[in-house]
Amino acid sequence: DTEVTQTPKHLVMGMTNKKSLKCEQHMGHRAMYWYKQKAKKPPELMFVYSYEKLSINESVPSRFSPECPNSSLLNLHLHALQPEDSALYLCASSQDREGTDTQYFGPGTRLTVL
Amino acid sequence: QKEVEQNSGPLSVPEGAIASLNCTYSDRGSQSFFWYRQYSGKSPELIMSIYSNGDKEDGRFTAQLNKASQYVSLLIRDSQPSDSATYLCAVNIYNQGGKLIFGQGTELSVKP
């Protein structure tokens, strides 16, 4: 089973709101990722967690705050977003961070910032 | 030079034909290569992974890797309208902490 789940599927928020995106995997994977994808563009890496520790932050603005409560869960806390942050947010997981490990993507959360 | 480049597309083929998708990469430290399919509004879905030179076949899909030429391709035989999607080439570079570098994607349209 290569399933990564994400909630919610859709989210509409104002620029002053605080919201969270959630991601869960039960494959025993030890690496989890957040990506942002704009229309007609490839996914852009935001964060990488390895063994529940943040290992890569691709210079993402502080209005995005990741959290990894345990090895199966990954959250992305959102605060004071801008309309240009509207995008598809994808979570992925892999066995580890080794180069040969395949990343499996969740269905994504479609975020709209008003 | 972009790290991973793909055919600009869109690529249109008739049903039953072979679709050929190409990808080149610039970093010789690249060690693993992935093809993802992405339907409009959906998330990327893994189609093939390939790690060593040569061909790898899975059903109607064949991935080809040539590390000397820094080239990876995906062939889709007997193309079906359901294959119409954007195909993303992704490369994992050694010692980059699991970071995938994506190409811009090639949009494939299979006409009935």
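Tabulated data for the structure shown
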| read-out | value |
| --- | --- |
| 5 Å-binned pair-distance histogram of chain A (Cα, whole percent) | 2, 13, 24, 26, 19, 10, 4, 1, 0 |
| Net charge over other residues, Cβ less than 10 angstrom from the Cβ of A:Val12 (K, R count +1; D, E count -1) | +2 |
| 10 Å Cβ shell holding at most 15 others, DSSP loop, GluC sites (Glu not before Pro): longest site-free stretch of chain B | B:16-112 |
| Relative compactness, chain B, computed as alpha-carbon Rg over 2.2 N^0.38 Å | 1.02 |
| Peptide-level mean, for B:93-100, of C-beta atoms on other protein chains within 10 Å | 6 |
| Peptide-level mean, for B:44-51, of C-beta atoms on other protein chains within 10 Å | 3 |
| Cα-based equivalent ellipsoid, the protein assembly as shown: semi-axes from gyration tensor eigenvalues, Å | 30, 20, 15 |
| For the range B:1-42, radius of gyration divided by Kirkwood radius, i.e. Rg to Rh on alpha-carbons | 1.03 |
| Cross-link pairs A:Lys18/A:Lys53; A:Lys22/B:Lys42; A:Lys41/B:Lys99; A:Lys40/B:Lys42; A:Lys9/A:Lys53 - those with Cα-Cα distance over 20 Å | A:Lys18/A:Lys53; A:Lys9/A:Lys53 |
| Residue among B:Ala17, B:Ala63, B:Ala90 with the largest mean-square fluctuation in a Gaussian network model of chain B, springs linking Cα atoms under 10 Å | B:Ala17 |
| Reachable aspartates and glutamates from B:Lys67, criterion Cα separation under 20 angstrom, eight or more residues apart if same chain | A:Glu98, A:Asp101, B:Glu3, B:Glu5, B:Asp27, B:Asp55, B:Glu57 |
| Accessible surface of chain A [probe 1.4 Å, protein heavy atoms]: carbon and sulfur percent | 48 percent |
| Relative contact order for chain A, counting Cα pairs under 8 Å that sit 6 or more residues apart, in percent | 37 percent |
| Value of relative contact order over the range B:12-112, rounded to a whole percent, pairs C-alpha under 8 Å and six or more apart | 36 percent |
| Mean accessible surface per residue for the protein assembly as shown, computed with a 1.4 Å probe while every protein chain stays in place, in Å² | 48 Å² |
| Net length gained if the chain between B:Lys67 and B:Ser82 were fully extended (0.36 nm per residue, minus Cα distance) | 2.3 nm |
| Cα→Cβ-extended label distance, 7 Å offset, between A:Tyr51 and A:Thr7, nm | 3.0 nm |
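The values are calculated or read from the model by the stated rules, or taken from the named source; none is laboratory data. Bear in mind the structure is a predicted one, so any value in this text is a computation, not a measurement. When we count neighbours, we look across all protein chains shown, and the Cβ atoms used for this are built from the backbone with ideal geometry, even at glycine. Accessible surface areas use protein heavy atoms only, side chains included; no ligands, DNA or RNA. Shrake-Rupley method; radii C 1.70, N 1.55, O 1.52, S 1.80 Å.
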